[in-house]
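The values are calculated or read from the model by the stated rules, or taken from the named source; none is laboratory data. As the structure is a computational prediction, the values presented were derived from the model and not from experiment. Reconstructed Cβ throughout: ideal geometry from the backbone, glycine too, with neighbour counts over all protein chains shown. With ligands, DNA and RNA removed, areas are computed over all heavy atoms of the protein, side chains included. Shrake-Rupley method; radii C 1.70, N 1.55, O 1.52, S 1.80 Å.
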Protein chains: 2
Amino acid sequence: MTSLSIAEAAERTGLTAHTLRYYERDGLLLHSVDRAPSGHRRYTDEDLRWIQMVTRLRATGMPIRDVRRYAALVREGDGNEAERLALLLAHREVVERQLAEVTGHLRAIDHKIALYENKVAPAP
Amino acid sequence: MTSLSIAEAAERTGLTAHTLRYYERDGLLLHSVDRAPSGHRRYTDEDLRWIQMVTRLRATGMPIRDVRRYAALVREGDGNEAERLALLLAHREVVERQLAEVTGHLRAIDHKIALYENKVAPAP
DNA sequence: GCTTGACTTGGAGCGCACTCCAAGTCGGAC
DNA sequence: GTCCGACTTGGAGTGCGCTCCAAGTCAAGC
């Protein structure tokens, strides 16, 4: 079992050390990160796997407070899987709607781009 | 040519009256909106079309300052089409990368969802 | 003439998600 | 033993994009 410093964990997760501390303080992690005798944080593989899930939720636009709620459910342990599922399904729907919306807008922007391309370097 | 009050324009564009004033103040529109003799804003169809473009750019994540730059280019008039095109193409690329990233994360979240679905209501 | 409601303004305030600061601690190299 | 660099903390600060407030104006209805 490897165990990483906060700088290494930051590099591995693509977050900053600041953000890692912030997530921990804010209850987005499943528990306080282990400490070396010096008091420095030591991140386990399990920590990193969870942080990756948090990153996925954040990267798809889930607000911090919802991630916190999801983390709280997981922390509680077995028995609330239906609730976790509901949370993820609700998020999934939001993300899909957003993807569709953005895709639609992008298509419209593409039309604009095509107009400019014709103006700048007209098709023969 | 219809011309709408700020409340009507808000309804039509899906923005709030607050946001419409804010966009105008911040230079996101092509020019100051016309006024009725009372001083109230009157939005033309052309205004609404431009605001729709702004909305598309914003909804795809373009920062306010970039929208402002694009608006400035359009305001300048003919001759800078290549620059406008470059701005839109750059934005397009950002959006596509983002769409790909979000889609990837969503797929991973879907796996998690599938696990929970099996746990909550196991497949027969 | 008074009320009502939709608007006007400059400027302040807000929520989110970080991001940074100051002051301190620790372990290891020299 | 002292220097360095990586870390620690509580709390303050930042940037973005709105969002709201207070005080005022205007036109229409009664």
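Assorted remarks:
- Residue within segment B:55-70 that is within 13 Å of DNA strand C (Cβ to nearest atom) and open to solvent by 60 Å² or more (accessible area, probe 1.4 Å) present: no
- Checklist (1) within 12 Å of DNA strand D (Cβ to nearest atom); (2) of a type outside the set (D, E, K, R); (3) under 24 Å from A:His91 (Cα atoms) applied to A:Ser3, failing item: (3)
- Contact map, segment B:11-23: residues that are closer than 19 Å to B:Arg68 by Cα and within 14 Å of another protein chain (Cβ to nearest Cβ) paired with residues that are more than 12 Å from DNA strand C (Cβ to nearest atom) and open to solvent by less than 40 Å² (accessible area, probe 1.4 Å), Cβ distance under 8 Å, separation 6+ or inter-chain. Pairs shown: B:Thr13/B:Leu48; B:Thr13/B:Ile51; B:Thr13/B:Thr55.
- For B:Arg75, the requirement of being farther than 30 Å from A:Leu57 by Cα and more than 10 Å from chain A (Cβ to nearest Cβ) is met.
- Considering residues of segment A:92-124 that are within 21 Å of B:Ala114 (Cβ to Cβ) and within 7 Å of chain B (Cβ to nearest Cβ) only, the residue most open to solvent (accessible area, probe 1.4 Å): A:Arg92
- Which numbered condition A:Gly77 misses (of (1) loosely packed, with under 14 Cβ neighbours inside 10 Å; (2) within 15 Å of DNA strand C (Cβ to nearest atom); (3) of a type in the set (Gly, Ala, Ser)): (2)
- B:Ala82, sole failed condition from (1) over 26 Å from A:Arg97 (Cα atoms); (2) in contact (Cβ under 8 Å) with a residue 12 or more places away in the chain; (3) of a type in the set (A, V, I, L, M, F, W, C): (2)
- Which numbered condition A:Val33 fails, given (1) of a type outside the set (S, T, N, Q); (2) in contact with a strand residue (DSSP E or B) (Cβ under 8 Å, 6 or more places away or on another chain); (3) more than 8 Å from DNA strand D (Cβ to nearest atom): (3)
- When A:Glu46 is tested against (1) surrounded by 13 or more Cβ atoms within 10 Å (Cβ to Cβ); (2) away from DNA strand C (no atom under 12 Å from the Cβ), just one condition goes unmet, and that condition is (1).
- Criterion violated by A:Leu85 - all others in (1) among the hydrophobic types (A, V, I, L, M, F, W, C); (2) within 16 Å of DNA strand D (Cβ to nearest atom); (3) under 25 Å from B:Gly104 (Cβ atoms) satisfied: (2)
- Hey, A:Val95 within 30 Å of B:Arg92 (Cβ to Cβ) and touching a residue at least 12 places away in the same chain (Cβ under 8 Å) or not: yes
- Restricting attention to segment A:36-77 and to residues that are among the polar types (S, T, N, Q) and farther than 22 Å from B:Gly104 by Cα, the residue that is nearest to DNA strand D (Cβ to nearest atom) turns out to be A:Ser38.
- Filter pass, B:Glu83 being within 14 Å of chain A (Cβ to nearest Cβ) and away from DNA strand C (no atom under 14 Å from the Cβ): yes
- Looking at B:Arg68, B:Arg56, just one residue is under 17 Å from the mean Cα position of the chain (by Cα), within 14 Å of another protein chain (Cβ to nearest Cβ) and charged (D, E, K, R), and that residue is B:Arg56.
- Pick from segment A:24-43, criterion closer than 29 Å to A:Gln98 by Cβ and open to solvent by 30 Å² or more (accessible area, probe 1.4 Å), ranking: nearest to the other protein chains (Cβ to nearest Cβ): A:Leu30
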